[in-house]
Each structure stands twice: as C-alpha cells, then as structure tokens.
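S.K.: One structure, pasted below without further comment.
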Amino acid sequence: MDMKKSIRTLFNVVLIALYVVSLLITVPSVYFFTRQEVYDNASQKLTLLVDMVTSLRKYVSDDVRPELLEKNVLFPPAISSTVATGHVAAYFKKLQPDYYIRVVSDNPLNAANRPEAVEQEFLTFFRDNRNEKELISTGVVRNQQYLFSSRPSISKADCMICHSTPEAAPEIIRKEYGTQSGFGYKLDSVVGASVVGVPLSDVQSLVMKRSLIAIGILTVLFALIFVVINLVVKRRILNPLETIAATADIISKGNLDTPLTFERDDEIGKLAHSIELMRRSLAKIMERMSRK
Ligand code: HEC
C-alpha cells in the first residue's frame with residue numbers, strides 16, 4: 001500500500017538527514033577541540049621549559065658570573081649564561097630528545113649554533129621589532145612540528161669580554177672556536193636568539209583517529225534508532241491504520257456489521273472511534289430506511 005511506504009520513508013529520510021547533519025557537525029568539532037587541546041598542552045610544557053631556562057640563565061649571570069669576574073676567572077660556562085644554557089641543553093637533549101633548546105646566532109662562535117631556516121626568521125623578526133621580548137610561533141625543524149618560544153639575545157658591555165675581537169677575547173675562546181666567527185658584536189644589537197620548543201602532536205592524524213571513533217559511535221547509534229523507529233512505526237501506526245482502512249473499505253461496500261474496536265487513547269484510537277460511530281449511525285439510518 002502506498003501510504004505505508006510514504007510514512008515510513010518520511011521517518012527514514014528525516015533520520016538519514018539527522019545522521020548526515022550530525023556527521024557534518026562532529027568532524028569540524030573534533031578538529032577544533034583536538035587542535036585546541038594539542039596547543040594548550042604544548043604551551044603548558046613550553047612555559048615550564050622557558051621558565052627553567054630563564055632560571056638557569058639568571059643563576060649564571062646573577063649568582064656565578066659576578067664572583068668569577070671579580071677573580072678574573074673567564075671560564076665561559078660559568079661566565080656566559082648562553083654557554084651554560086648550551087651545556088645544559090646538551091644534557092637535557094639526551095634525556096628528552098623530543099624537546100628543543102638552542103641558542104643561535106648568524107655570527108656564531110660555535111658553527112653548530114648556526115640558525116635553522118625557522119630560527120633565522122626569529123632573528124629577523126627581533127631585528128625588525130626591537131620592542132618584542134618573546135615570540136611564540138610554530139615551525140618545522142627536521143620534519144617535526146614544534147611550538148617555539150624565542151627571545152632575542154641582546155649584546156651588552158659584558159658580552160664584549162668574549163665577543164668583541166679575537167685578540168681581546170680570552171685565549172680559551174680563540175683556541176676552541178678559532179677567530180673566524182662570533183666576534184664583532186655591536187653594543188645593544190640583536191646578536192642571536194634563545195629558542196625553546198616543545199613538539200606538537202600531529203593534529204591531523206589525531207583528528208582522523210578521533211573522528212573515525214566518533215563516526216563509528218554515531219553510525220551504530222543511528223542504526224539502532226533506525227531499527228527501533230521502523231519497528232515502532234510499523235506496529236503502532238502502520239498496522240492499525242491498515243486495519244482501519246480495511247474496515248472503512250468494508251463499510252463503503254455496504255457491509256455495516258463489522259464493529260471496529262480499538263482500545264487506544266491516542267489519535268489512532270480517536271480515528272477508529274469516529275469510524276465506529278459513523279458505522280453505527282449508518283447502520284441505524286439503514287435500519288430506519290428499511291423499516292419504512
Ligand atoms: C666568557 C665568555 C663569553 C661571554 C662573556 C659571553 N659569551 Fe656568548 N658565547 C661564548 C662561547 C664560548 C660561546 C659558544 C658556546 C658553544 O660552544 O655553544 C658563546 C655563544 C654565544 C651565542 C650562540 C652562538 C654562538 O656564538 O655560538 C650567543 C647568541 C651568544 N654567545 C651571545 C652572548 C651574549 C648576548 C653575551 C652577553 C650577554 C655573551 N654571549 C657573553 C662565550 C661568551
């Protein structure tokens with residue numbers, strides 16, 4: 001029967017539309033929240049690491065350096081917070097290979113401190129924006145994406161002990177690094193950058209994994225709803241309607257002896273009741289007419 005098809009189809013089309021809409025909402029939401037989570041997570045770790053490095057630098061330049069300079073001891077790891085950071089970073093890297101701590105310069109004493117492409121961008125940024133004290137940004141180094149915090153290294157009078165000219169620098173510097181590079185610092189200029197980074201998890205693959213799980217759950221849920229709704233519609237609406245329609249057919253053919261009783265207190269019950277009333281009225285009228 002046509003009616004049966006159309007009511008059920010209507011329900012199913014609505015369900016499928018809801019399913020599609022829920023998928024369309026789910027995937028972007030998963031993307032948004034996952035991205036947020038990955039960045040929040042990374043920036044918490046980054047703050048921790050930056051604060052640790054800052055504390056280390058402060059320890060060297062405030063607690064150690066003045067004492068040693070007074071005694072004219074020019075041992076770089078104890079005099080320069082940059083050098084100290086480099087040493088600590090080397091140990092740290094062994095324990096935590098995923099993290100990133102570097103002090104770079106495009107005029108380095110140590111060639112290993114030459115900036116990567118992304119670090120050169122940080123240097124350029126700080127040279128163009130002398131008021132900026134910190135730059136937070138993302139970048140890729142050797143195929144790993146990081147959340148970076150970089151700060152400018154500004155040359156001060158103290159730095160000149162080692163970074164002015166090779167001749168003026170302590171012998172230990174010349175011996176270890178040569179005389180080619182790392183000298184000629186100008187006072188109060190951006191000579192380098194201190195870069196700290198934490199790895200960013202791969203947002204794309206996380207989103208993919210979580211979306212698949214969410215889509216799986218939604219699909220199972222909608223499949224269940226689909227089956228239950230179809231069952232309920234058939235039992236509670238379509239089957240009774242068919243019975244009522246069949247009775248109405250019989251009545252229309254002039255057979256007024258079949259009562260239609262439906263013990264239901266809803267719209268279908270009401271419809272059945274109305275048809276039953278109509279059948280009785282018709283039966284009375286027919287009876288009266290046949291008596292005449
Ligand atoms: C006692 C000597 C000494 C002093 C003072 C000193 N440095 Fe250095 N600096 C070094 C040495 C040695 C290195 C190389 C460390 C390494 O091997 O990684 C270095 C490295 C650096 C680097 C990394 C790039 C490179 O050259 O390898 C920067 C940037 C830097 N210093 C900036 C500064 C600034 C800014 C100051 C002053 C606030 C300063 N330094 C004071 C000895 C010194």
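The values are calculated or read from the model by the stated rules, or taken from the named source; none is laboratory data. Here the structure is a predicted model, which means the values were calculated and not measured. Don't worry about glycine lacking a Cβ; one is built from the backbone with ideal geometry, like all the others, and counts go over all protein chains shown. With ligands, DNA and RNA removed, areas are computed over all heavy atoms of the protein, side chains included. Shrake-Rupley method; radii C 1.70, N 1.55, O 1.52, S 1.80 Å.
S.K.: Report whether or not residue 115 is in contact (Cβ under 8 Å) with a residue 24 or more places away in the chain, touching a helix residue (DSSP H, G or I) at 6+ places or on another chain (Cβ under 8 Å), under 18 Å from residue 191 (Cα atoms) and open to solvent by less than 40 Å² (accessible area, probe 1.4 Å).
M.R.: When the stated conditions are applied, residue 115 passes them.
S.K.: Inspect region 218-225 for any residue being open to solvent by 40 Å² or more (accessible area, probe 1.4 Å) and within 16 Å of the ligand (Cβ to nearest atom) and give the result as yes or no.
M.R.: No - not one qualifying residue is present in region 218-225.
S.K.: Can you name every one of the helices (runs of 4 or more DSSP H) wholly within region 50-133 that holds 2 or more residues which are within 19 Å of residue 172 (Cβ to Cβ) and within 12 Å of the ligand (Cβ to nearest atom)?
M.R.: Helices (runs of 4 or more DSSP H) meeting the threshold: 65-70, 76-79, 81-95.
S.K.: Kindly indicate whether any position in region 146-169 is loosely packed, with under 14 Cβ neighbours inside 10 Å and under 29 Å from the mean Cα position of the chain (by Cα).
M.R.: The answer is no, given that none of the residues of region 146-169 is loosely packed, with under 14 Cβ neighbours inside 10 Å and under 29 Å from the mean Cα position of the chain (by Cα).
S.K.: Residues in region 194-204: is at least one crowded, with 16+ Cβ neighbours inside 10 Å and closer than 22 Å to residue 25 by Cβ?
M.R.: yes
S.K.: Looking only at region 177-218, which residues are under 21 Å from residue 85 (Cα atoms) and not in a loop (DSSP other than H, G, I, E, B)?
M.R.: Listed by number, the residues that qualify are 177, 190, 191, 192, 193, 194, 195, 196, 197, 198, 199.
S.K.: Regarding residue 208, is this residue free of Cβ contacts under 8 Å to residues at least 60 places away in the same chain, closer than 30 Å to residue 48 by Cβ and surrounded by fewer than 17 Cβ atoms within 10 Å (Cβ to Cβ)?
M.R.: It is true that residue 208 is free of Cβ contacts under 8 Å to residues at least 60 places away in the same chain, closer than 30 Å to residue 48 by Cβ and surrounded by fewer than 17 Cβ atoms within 10 Å (Cβ to Cβ).
S.K.: Could you run through region 259-292 and say how many residues are surrounded by 11 or more Cβ atoms within 10 Å (Cβ to Cβ) and either of a type outside the set (D, E, K, R) or not assigned by TED's automatic domain parsing to the domain that holds residue 240 (or both)?
M.R.: 16
S.K.: So if I check each of 6, 22, which one is open to solvent by less than 50 Å² (accessible area, probe 1.4 Å) and out of contact with any His (no Cβ under 7 Å at 6 or more places or on another chain)?
M.R.: On inspection, the qualifying residue turns out to be 22.
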